[in-house]
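Below: one structure, written as structure tokens.
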Amino acid sequence: MTPQRASWAEPYKIKMVEPLFLTTRETRARAIEEAGYNTFLLRSADVYIDLLTDSGTSAMSDRQWAGLMMGDEAYAGSRSYYHLEEVVRRRYGYRHLIPTHQGRGAENLISQVLIKPGDVIPGNMYFTTTKVHQELAGGTFADIVVDEAHDPRSLFRFKGNVDLAKLEALIAEHGAARIPYVSLATTVNMAGGQPISLENLRAVRALTRAHGIRIIHDMTRVAENAYMIQLHEPGHAHRSVAEIVFEICSLTDGATMSAKKDALVNIGGFLATNEDDVFEEARNLVVIYEGLHTYGGLAGRDMEAMAIGIEESLDDDHIRARVGQVFYLGDKLVEAGIPVVRPIGTHGVFLDAKAFLPHLPQDAFPAQALAAELYLDSGLRAMERGIVSAGRDSRTGEHCYPALELVRLTIPRRVYTQAHMDVVAESVQRVYERRASIRGLEMTYEPKYLRFFQARFRPRPG
Ligand code: PLI
């Protein structure tokens, strides 16, 4: 590790730029109406600063771009596959690797291999795609995250922790045989990018081992989680992010990865496992859904860029600047008195829409309405993470009413500057000043699965 400096700066300089264009309020008003007040349905040409997601939106390095040229496009046995396999083994410690087109491809495989109808899958809060694959395989998700995770005001440092008593109660109720694995995310996206501590993970490992239950690790943002451990968990300040990541992975039995986040690529993911029979079964399935087991829906060049991106993601200077930029925006909003999820998470700043718009009931979709309003104000694109994302209860058909009703300002890696963050903060403050005028929305179209992607809305009658 490098010594701490008084101030950090990005550990890179910019070699290529992509122009951004401001739009007029009239253009934006038309665009958001045409998009059914859903920021997923906007065209990116109509967006000024795009904080929809950190998924697949990172800037690749010169080495990754060079790697693209070195990709081996062989249908079978690609050199780039073996490069990726070597990096996954050395950096994460997992024995077997199956590439997939992105994270949800891996979620589909692991759910089909391990879940039987009637099974229960405990997890440290749900994630949209993870949960839907568990349900499609016949399982039911059970939330075992600590209560603090559901409280945007709690300053607890490790809101991604598992509540061990909840896990024990679930095992007592259903029996270990009905629990194929604990689904454990580093970090917890829906809680606001919140980390799990190593101490808690070790305890989860001990408990699951005693009952013969696997841990399947959603390692989408594991480097960011490791950085929070380095920063805040006693006894780990002297360790590198790479070392902590390796230990986290060693406490789990397998993993799904969306490489579009931590691993700094625009597309890609994988399933990793230490179990020979799980690997065997997943390798049979991958050829149906993704492609041959040595490319899994990816081009050779994608695997090459991913192998290089994984190495870069574990660099302490990189991760300090990446998360540091998120903290910069978060601290600015906190200072301005804007209600945000605290502590600030690692991949974005999450506005607390319930506190921002206390005059709106949750079924007026406050977070969806706030995201639309931010776009209208400045062309800033954010994402709803509240009642729309939570979907409906698969048994009752009713809306799920999550405690957290959030708008996520997600920061892509290595893409925007501090000046962009200042513009974002100013826009949020302007909208906050006129928050009482925001009316809320009603839904006019609702897709069956993962409705937040394609649902349409209109303003509630005033
Ligand atoms: O978008 P995918 O299919 O590559 O990965 C799915 C996925 C799995 N786990 C977690 C924690 C995610 O954050 C995730 C995708 N997240 C998206 C797209 C996001 O905008 O946060």
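Structure notes:
- Filtered by the rule that a residue be under 28 Å from SER313 (Cα atoms), more than 10 Å from the ligand (Cβ to nearest atom) and part of a helix (DSSP H, G or I), the stretch 89-126 gives ARG89, ARG90, ARG91, TYR92, LEU109, ILE110, SER111.
- Consider the stretch 436-462 and keep the residues that are surrounded by fewer than 16 Cβ atoms within 10 Å (Cβ to Cβ), in a helix (DSSP H, G or I) and in contact (Cβ under 8 Å) with a residue 24 or more places away in the chain. The one that is nearest to the chain's Cα centre (by Cα) is PHE453.
- A count restricted to the stretch 231-250 and to residues that are part of a helix (DSSP H, G or I) and free of Cβ contacts under 8 Å to residues at least 60 places away in the same chain stands at 4.
- Any hit, the stretch 34-48, residues being in contact (Cβ under 8 Å) with a residue 60 or more places away in the chain, of a type in the set (Val, Ile, Thr) and away from the ligand (no atom under 16 Å from the Cβ): no
- Subset of the stretch 337-355 (residues that are part of a helix (DSSP H, G or I) and surrounded by 24 or more Cβ atoms within 10 Å (Cβ to Cβ)): ALA353
- Total residues in the stretch 141-156, condition over 30 Å from VAL113 (Cα atoms) and either assigned to a helix (DSSP H, G or I) or in contact with a Leu (Cβ under 9 Å, 6 or more places away or on another chain) (or both): 5
- Failed item, numbered, when LEU201 is tested on (1) farther than 20 Å from TYR126 by Cα; (2) in a helix (DSSP H, G or I): (1)
This table checks each residue for (1) within 15 Å of ASP262 (Cβ to Cβ); (2) hydroxyl-bearing (Ser, Thr, Tyr); (3) modelled with pLDDT of 95 or more; (4) within 21 Å of the chain's Cα centre (by Cα).
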residue	(1), (2), (3), (4)
THR273	no, yes, yes, yes
LEU285	no, no, yes, no
GLY300	no, no, yes, no
ALA305	yes, no, yes, yes
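- Of the residues making up the stretch 127-140, those that are within 13 Å of the ligand (Cβ to nearest atom) and not in a loop (DSSP other than H, G, I, E, B) are THR128, THR129, THR130, LYS131, VAL132, HIS133, GLN134.
- Subset tally (residues that are surrounded by 24 or more Cβ atoms within 10 Å (Cβ to Cβ) and either within 16 Å of the ligand (Cβ to nearest atom) or in a loop (DSSP other than H, G, I, E, B) (or both)) for the stretch 258-281: 12
Every residue, every condition in (1) buried (at least 17 other Cβ atoms within 10 Å of the Cβ); (2) part of a loop (DSSP other than H, G, I, E, B), yes or no:
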site: ASN284; (1), (2): no, no
site: THR294; (1), (2): yes, yes
site: GLU304; (1), (2): yes, no
site: GLN325; (1), (2): yes, no
site: LYS332; (1), (2): yes, no
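- Residues in the stretch 258-296 that are under 22 Å from SER183 (Cα atoms) and without any contact (Cβ under 8 Å) to a residue 12 or more places away in the chain: ASP277, GLU280.
The values are calculated or read from the model by the stated rules, or taken from the named source; none is laboratory data. What you are looking at is a predicted structure, and each value in this text was computed from that prediction instead of being measured. Please note: Cβ atoms are built from the backbone with ideal geometry, for glycine as well, and neighbour counts cover all protein chains shown.
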